[in-house]
Amino acid sequence: MQRIVFISLGAALFSIGLEVFLVPNNIIDGGITGISIMLSHFFHLPLGIFLTLLNLPFLFLGYKQIGKTFAISTLFGVIAMSVGTSLLHPVPAVTIDPLLAAVFGGVILGVGIGLVIRSGGSLDGTEIVAILINKKSPFSVGEIVLFINLFILGSAGFVFGWDHAMYSLIAYYIAMKMIDVTIEGLDQSKSVWIISEKYKEIGDALTQRLGRGVTYLHGEGAYTGDDKKVIFTVITRLEEAKLKSIVEEWDENAFIAVGNIHDVKGGQFKKKDIH
């Protein structure tokens, strides 16, 4: 039920971004969506028809390459998206300013896609194509998706004019950023590794004052051959400054490495307030 609710919400937001902001201003998105918008413009047929027909082959590929759950979730999302665009097509555009449409349409579109991806589905078959090409080429999935979308967005210049093609690039960039924010969350998690002789004191301080669990890993210095204790913990972006100040109180020369994490799940440690 949770998956159905979030995919439905994501498809609804996606439809609003398209029909209320982008399509009335001749601004397109990347992937199958962009191709569908241009075909709808040429043949004067509802956008939902092309969104469904063009995504169906990729649903079959997704079933073969990723799994049944992904294919079913994507099928549900595509159908909900197609119905949503059909229902919203008569709704007038919120704005006729193409820049405002690109910005706000990109934001709404990105949040919608992000919700669907977080729920285990997809609204566009471009990623599936990229996965297949990646297996037989030296390029990464991200590079292939970028190339495909740049080609599609560039085609908008011949269909709607180059001004609208540039607005489409703005909408696409904003949508990609909002997808990342929606998937990872605003309060992005960070992994932290700390090496210090006072590992026990620092570990206890992080547990008591920051409210985060820590794990002691065994390490060995490559140059000295000495045994080392490595503190590992996961914090939020907002807790990074506090963590560093706690570590510096005990050891100003401690080694600290911080990295971004896309997702964190599990564990029994309950977050406490920072003090």
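The values are calculated or read from the model by the stated rules, or taken from the named source; none is laboratory data. Predicted model, so just to flag it, every value in this text is computed and none were measured. Ideal geometry is used to build each Cβ from the backbone, glycine not excepted, and the neighbour counts take in all protein chains shown. All accessible areas refer to the heavy atoms of the entire protein, side chains included, with ligands and DNA or RNA removed. Shrake-Rupley method; radii C 1.70, N 1.55, O 1.52, S 1.80 Å.
Using a 7 Å offset from the Cα along the Cα-to-Cβ direction at both LYS244 and ASP180, what is the distance between the two label points in nm, to one decimal?
Between LYS244 and ASP180, the simple spin-label model gives 2.0 nm.
To the nearest 10 square angstrom, what accessible area does VAL129 show with a 1.4 Å probe?
40 Å²
Round to a whole number: what % of the accessible area of the chain belongs to carbon and sulfur, probe 1.4 Å?
Ligands and nucleic acids excluded, carbon and sulfur give 65 percent.
Which residue fluctuates most in the GNM of the chain (Cα springs below 10 Å): GLY17, GLY125, GLY221?
GLY221
Checking the table LYS177/LYS242; LYS136/LYS190; LYS68/LYS136; LYS177/LYS200; LYS64/LYS190; LYS200/LYS242 against a 29 Å threshold on Cα-Cα, which pairs fail?
LYS136/LYS190; LYS177/LYS200; LYS64/LYS190
How do MET166, MET178, MET38 stack up against each other in accessible area, from largest to smallest, with a 1.4 angstrom probe?
Sorted by accessible area, descending: MET166, MET178, MET38.
Averaged per residue, what accessible surface does the chain expose to a 1.4 Å probe, in Å²?
56 Å²
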